[in-house]
1. Restricting to region 89-140, name every residue that is out of contact with any helix residue (DSSP H, G or I) (no Cβ under 9 Å at 6 or more places or on another chain), touching a residue at least 40 places away in the same chain (Cβ under 8 Å) and more than 18 Å from LEU64 (Cβ to Cβ).
2. Starting from region 39-67, keep only residues that are within 30 Å of ASP210 (Cα to Cα), then list their pairs with residues that are loosely packed, with under 10 Cβ neighbours inside 10 Å and modelled with pLDDT under 95 whose Cβ atoms are within a distance under 7 Å, requiring at least 6 positions of separation or different chains.
3. Being assigned to a strand (DSSP E or B) and free of Cβ contacts under 8 Å to residues at least 60 places away in the same chain is the filter here, so list the residues in region 141-159 that pass it.
4. For region 61-82, how many residues meet the condition of being in contact with a helix residue (DSSP H, G or I) (Cβ under 8 Å, 6 or more places away or on another chain) and either open to solvent by less than 40 Å² (accessible area, probe 1.4 Å) or not in a loop (DSSP other than H, G, I, E, B) (or both)?
5. When you look at ARG187, is it closer than 18 Å to ARG124 by Cβ and open to solvent by 60 Å² or more (accessible area, probe 1.4 Å), yes or no?
6. Here's a check for you: in region 21-48, which residue that is open to solvent by 70 Å² or more (accessible area, probe 1.4 Å) and in a loop (DSSP other than H, G, I, E, B) is nearest to GLY141 (Cα to Cα)?
7. Hey, can you tell me all the residues within region 82-108 that are under 14 Å from the mean Cα position of the chain (by Cα) and within 25 Å of LEU174 (Cβ to Cβ)?
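The values are calculated or read from the model by the stated rules, or taken from the named source; none is laboratory data. Note that the structure is a prediction, hence the values are computed from the model and not measured. Don't worry about glycine lacking a Cβ; one is built from the backbone with ideal geometry, like all the others, and counts go over all protein chains shown. Only protein heavy atoms, including side chains, enter the accessible area calculation; ligands, DNA and RNA are left aside. Shrake-Rupley method; radii C 1.70, N 1.55, O 1.52, S 1.80 Å.
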Amino acid sequence: MNARPPRATPIPSHPGLTVLSDEVVWDGRFPLQRIRFRRIRFDGTEGGVQTWELWRRGQAVAVLPWDPWTDRVALIEQFRLPALAGGFDPVMVECPAGLLEPGEDPLEAARRELAEETGLAADRMEPLGRYILSQGGCDEGISLYLARARLPEPGHAGTHGLRSEHEDIRVLVLPASEALAMLDDNRIANATGALCLARFARRREALMRDWTGE
(Lines give C-alpha, C1' and ligand atoms only; values in the text may rest on other atoms or scores of the structure.)
Protein backbone atom coordinates (compact mmCIF):
# COMPACT_ATOMS: atom_id res chain seq x y z
CA MET A 1 0.00 0.00 0.00
CA ASN A 2 1.39 3.41 -0.96
CA ALA A 3 2.07 5.94 1.77
CA ARG A 4 -0.31 8.86 1.96
CA PRO A 5 1.21 11.91 0.17
CA PRO A 6 2.38 14.57 2.65
CA ARG A 7 0.08 17.29 1.30
CA ALA A 8 -3.02 15.07 1.58
CA THR A 9 -3.32 15.23 5.36
CA PRO A 10 -6.51 13.96 7.01
CA ILE A 11 -9.30 16.49 7.53
CA PRO A 12 -9.03 18.13 10.97
CA SER A 13 -11.80 17.47 13.48
CA HIS A 14 -14.50 20.13 13.81
CA PRO A 15 -17.60 20.32 16.03
CA GLY A 16 -20.58 18.76 14.28
CA LEU A 17 -18.50 17.28 11.42
CA THR A 18 -18.35 13.53 10.80
CA VAL A 19 -15.95 12.33 8.10
CA LEU A 20 -17.28 9.06 6.66
CA SER A 21 -14.45 8.38 4.20
CA ASP A 22 -11.29 10.10 3.01
CA GLU A 23 -9.43 8.74 -0.01
CA VAL A 24 -6.65 10.09 -2.22
CA VAL A 25 -7.88 9.68 -5.80
CA TRP A 26 -4.94 11.43 -7.49
CA ASP A 27 -1.42 11.36 -6.10
CA GLY A 28 0.32 14.02 -8.18
CA ARG A 29 2.30 17.07 -7.11
CA PHE A 30 -0.97 18.43 -5.74
CA PRO A 31 -3.08 15.49 -4.51
CA LEU A 32 -6.83 15.25 -4.96
CA GLN A 33 -8.94 13.78 -2.16
CA ARG A 34 -12.53 12.59 -2.22
CA ILE A 35 -14.22 13.23 1.13
CA ARG A 36 -17.62 11.88 2.20
CA PHE A 37 -18.99 13.64 5.25
CA ARG A 38 -22.03 14.92 7.04
CA ARG A 39 -22.42 17.79 9.50
CA ILE A 40 -24.91 19.21 11.94
CA ARG A 41 -26.80 22.02 10.21
CA PHE A 42 -27.14 25.56 11.60
CA ASP A 43 -30.65 24.71 12.86
CA GLY A 44 -29.25 21.77 14.87
CA THR A 45 -30.53 18.97 12.64
CA GLU A 46 -28.29 16.38 11.03
CA GLY A 47 -27.40 17.13 7.43
CA GLY A 48 -27.23 14.69 4.56
CA VAL A 49 -24.13 12.93 3.25
CA GLN A 50 -22.02 15.11 0.99
CA THR A 51 -19.13 14.15 -1.30
CA TRP A 52 -16.52 16.78 -2.10
CA GLU A 53 -13.33 16.66 -4.14
CA LEU A 54 -10.56 18.56 -2.37
CA TRP A 55 -7.46 19.74 -4.22
CA ARG A 56 -4.52 20.04 -1.80
CA ARG A 57 -2.12 22.80 -2.86
CA GLY A 58 -1.04 23.95 0.60
CA GLN A 59 0.08 27.43 1.64
CA ALA A 60 1.31 30.28 -0.55
CA VAL A 61 2.53 33.87 -0.40
CA ALA A 62 2.18 36.94 -2.62
CA VAL A 63 4.11 40.17 -2.30
CA LEU A 64 3.62 43.66 -3.73
CA PRO A 65 6.91 45.60 -4.09
CA TRP A 66 6.45 49.33 -3.47
CA ASP A 67 8.94 52.19 -3.65
CA PRO A 68 7.42 54.82 -1.33
CA TRP A 69 10.01 57.45 -2.25
CA THR A 70 8.80 57.49 -5.86
CA ASP A 71 5.34 55.98 -5.18
CA ARG A 72 5.76 53.22 -7.76
CA VAL A 73 4.99 49.52 -7.61
CA ALA A 74 6.37 46.49 -9.43
CA LEU A 75 3.97 43.96 -10.94
CA ILE A 76 4.78 40.96 -13.11
CA GLU A 77 3.41 39.40 -16.28
CA GLN A 78 3.51 35.69 -17.06
CA PHE A 79 1.62 33.16 -19.16
CA ARG A 80 -1.05 31.19 -17.28
CA LEU A 81 -2.59 28.17 -19.01
CA PRO A 82 -5.56 27.92 -16.57
CA ALA A 83 -6.44 31.56 -17.33
CA LEU A 84 -6.62 30.69 -21.03
CA ALA A 85 -8.82 27.68 -20.24
CA GLY A 86 -11.08 29.93 -18.15
CA GLY A 87 -11.60 32.51 -20.90
CA PHE A 88 -9.15 35.12 -19.58
CA ASP A 89 -6.16 36.74 -21.23
CA PRO A 90 -3.47 34.16 -20.45
CA VAL A 91 -0.76 36.80 -19.94
CA MET A 92 -1.77 37.82 -16.44
CA VAL A 93 -0.67 40.97 -14.60
CA GLU A 94 0.09 39.71 -11.10
CA CYS A 95 2.10 40.14 -7.94
CA PRO A 96 5.13 37.92 -7.31
CA ALA A 97 3.84 34.79 -5.60
CA GLY A 98 4.55 31.16 -4.90
CA LEU A 99 4.03 28.15 -2.68
CA LEU A 100 5.83 27.59 0.60
CA GLU A 101 8.43 24.88 0.84
CA PRO A 102 7.79 22.33 3.64
CA GLY A 103 8.35 24.04 6.99
CA GLU A 104 9.16 27.40 5.38
CA ASP A 105 8.22 30.63 7.16
CA PRO A 106 5.78 32.71 5.05
CA LEU A 107 7.84 35.90 5.44
CA GLU A 108 10.98 34.15 4.22
CA ALA A 109 9.01 32.61 1.36
CA ALA A 110 7.84 36.09 0.36
CA ARG A 111 11.45 37.34 0.28
CA ARG A 112 12.48 34.30 -1.78
CA GLU A 113 9.70 34.73 -4.32
CA LEU A 114 10.41 38.46 -4.59
CA ALA A 115 14.05 37.76 -5.44
CA GLU A 116 13.30 34.90 -7.85
CA GLU A 117 10.54 36.64 -9.79
CA THR A 118 11.72 40.28 -9.80
CA GLY A 119 15.39 40.36 -8.75
CA LEU A 120 14.40 42.79 -5.97
CA ALA A 121 15.25 42.79 -2.26
CA ALA A 122 13.09 44.40 0.41
CA ASP A 123 14.31 46.20 3.51
CA ARG A 124 10.84 46.23 5.12
CA MET A 125 7.87 43.89 4.85
CA GLU A 126 4.34 44.56 6.01
CA PRO A 127 1.71 41.77 6.27
CA LEU A 128 -1.51 42.54 4.39
CA GLY A 129 -3.63 39.58 5.51
CA ARG A 130 -4.19 35.86 4.96
CA TYR A 131 -6.96 34.46 2.74
CA ILE A 132 -8.22 31.23 1.20
CA LEU A 133 -8.37 31.47 -2.59
CA SER A 134 -10.96 28.87 -3.64
CA GLN A 135 -12.87 27.71 -0.59
CA GLY A 136 -15.24 25.62 -2.66
CA GLY A 137 -12.61 23.14 -3.81
CA CYS A 138 -9.02 23.86 -2.77
CA ASP A 139 -7.20 24.27 0.55
CA GLU A 140 -4.71 26.88 -0.72
CA GLY A 141 -4.30 29.73 1.75
CA ILE A 142 -2.22 32.77 0.87
CA SER A 143 -0.37 35.27 3.04
CA LEU A 144 0.01 38.72 1.47
CA TYR A 145 2.88 41.15 2.06
CA LEU A 146 3.84 44.67 1.06
CA ALA A 147 7.58 45.04 0.44
CA ARG A 148 9.53 48.28 0.59
CA ALA A 149 12.11 48.25 -2.20
CA ARG A 150 14.01 50.66 -4.41
CA LEU A 151 12.61 50.09 -7.90
CA PRO A 152 14.49 50.49 -11.18
CA GLU A 153 13.35 52.88 -13.87
CA PRO A 154 10.61 51.53 -16.18
CA GLY A 155 12.10 49.49 -18.99
CA HIS A 156 15.09 48.41 -16.92
CA ALA A 157 13.50 45.75 -14.72
CA GLY A 158 14.04 42.91 -17.20
CA THR A 159 12.75 39.34 -17.13
CA HIS A 160 13.20 36.85 -14.32
CA GLY A 161 12.15 33.42 -13.05
CA LEU A 162 13.74 30.04 -12.45
CA ARG A 163 15.01 28.48 -15.68
CA SER A 164 14.80 25.07 -14.01
CA GLU A 165 11.02 25.58 -13.82
CA HIS A 166 10.83 27.22 -17.28
CA GLU A 167 9.54 30.45 -15.76
CA ASP A 168 9.32 33.48 -18.06
CA ILE A 169 8.41 36.51 -15.96
CA ARG A 170 8.40 40.13 -17.14
CA VAL A 171 8.56 42.89 -14.52
CA LEU A 172 6.41 46.02 -14.88
CA VAL A 173 7.32 49.15 -12.89
CA LEU A 174 4.55 51.73 -12.86
CA PRO A 175 3.11 54.52 -10.71
CA ALA A 176 1.01 53.27 -7.82
CA SER A 177 -1.89 55.40 -9.05
CA GLU A 178 -1.79 53.61 -12.41
CA ALA A 179 -1.73 50.18 -10.76
CA LEU A 180 -4.74 51.12 -8.62
CA ALA A 181 -6.56 52.37 -11.73
CA MET A 182 -5.90 48.96 -13.29
CA LEU A 183 -7.49 47.39 -10.20
CA ASP A 184 -10.53 49.66 -10.43
CA ASP A 185 -11.25 48.89 -14.09
CA ASN A 186 -10.62 45.12 -13.75
CA ARG A 187 -7.37 44.96 -15.73
CA ILE A 188 -6.04 43.06 -12.71
CA ALA A 189 -8.06 39.88 -13.27
CA ASN A 190 -6.46 37.54 -10.71
CA ALA A 191 -7.49 37.38 -7.07
CA THR A 192 -4.02 37.61 -5.48
CA GLY A 193 -3.03 40.73 -7.41
CA ALA A 194 -6.38 42.36 -6.76
CA LEU A 195 -6.25 41.56 -3.04
CA CYS A 196 -2.70 42.90 -2.68
CA LEU A 197 -3.56 46.16 -4.44
CA ALA A 198 -6.84 46.60 -2.56
CA ARG A 199 -5.15 46.11 0.80
CA PHE A 200 -2.29 48.40 -0.29
CA ALA A 201 -4.76 51.14 -1.25
CA ARG A 202 -6.12 51.20 2.31
CA ARG A 203 -2.63 51.42 3.85
CA ARG A 204 -0.84 53.57 1.29
CA GLU A 205 -1.25 57.01 2.86
CA ALA A 206 -0.26 55.96 6.37
CA LEU A 207 2.68 53.86 5.18
CA MET A 208 3.88 56.66 2.93
CA ARG A 209 4.42 58.80 6.05
CA ASP A 210 5.90 55.93 8.06
CA TRP A 211 8.16 54.40 5.41
CA THR A 212 9.65 57.64 4.08
CA GLY A 213 10.19 59.33 7.46
CA GLU A 214 13.14 57.22 8.57
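1. PRO102, GLY137, CYS138, ASP139, GLU140
2. Listed by first residue and then by second, the contacts come to nothing, as the list is empty.
3. Residues of region 141-159 that are assigned to a strand (DSSP E or B), as a first pass: 141-148, 159.
Within region 141-159, THR159 is the sole residue that qualifies.
4. Step one: of region 61-82, the residues in contact with a helix residue (DSSP H, G or I) (Cβ under 8 Å, 6 or more places away or on another chain) are 61-66, 68-69, 71-76.
From what's left, either open to solvent by less than 40 Å² (accessible area, probe 1.4 Å) or not in a loop (DSSP other than H, G, I, E, B) (or both): 61-66, 68, 71-76.
Total meeting the criteria: 13.
5. It is false that ARG187 is closer than 18 Å to ARG124 by Cβ and open to solvent by 60 Å² or more (accessible area, probe 1.4 Å).
6. ARG29
7. Answer for region 82-108, where residues must be under 14 Å from the mean Cα position of the chain (by Cα) and within 25 Å of LEU174 (Cβ to Cβ): MET92, VAL93, GLU94, CYS95, PRO96, ALA97, GLY98.
Residue-wise test of (1) farther than 15 Å from GLU117 by Cβ; (2) outside any loop (DSSP other than H, G, I, E, B); (3) assigned by the TED database to the domain that holds THR70; (4) open to solvent by 20 Å² or more (accessible area, probe 1.4 Å).
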{"position": "TYR131", "(1), (2), (3), (4)": "yes, yes, yes, yes"}
{"position": "VAL171", "(1), (2), (3), (4)": "no, yes, yes, no"}
{"position": "ALA179", "(1), (2), (3), (4)": "yes, yes, yes, no"}
{"position": "ALA194", "(1), (2), (3), (4)": "yes, yes, yes, yes"}
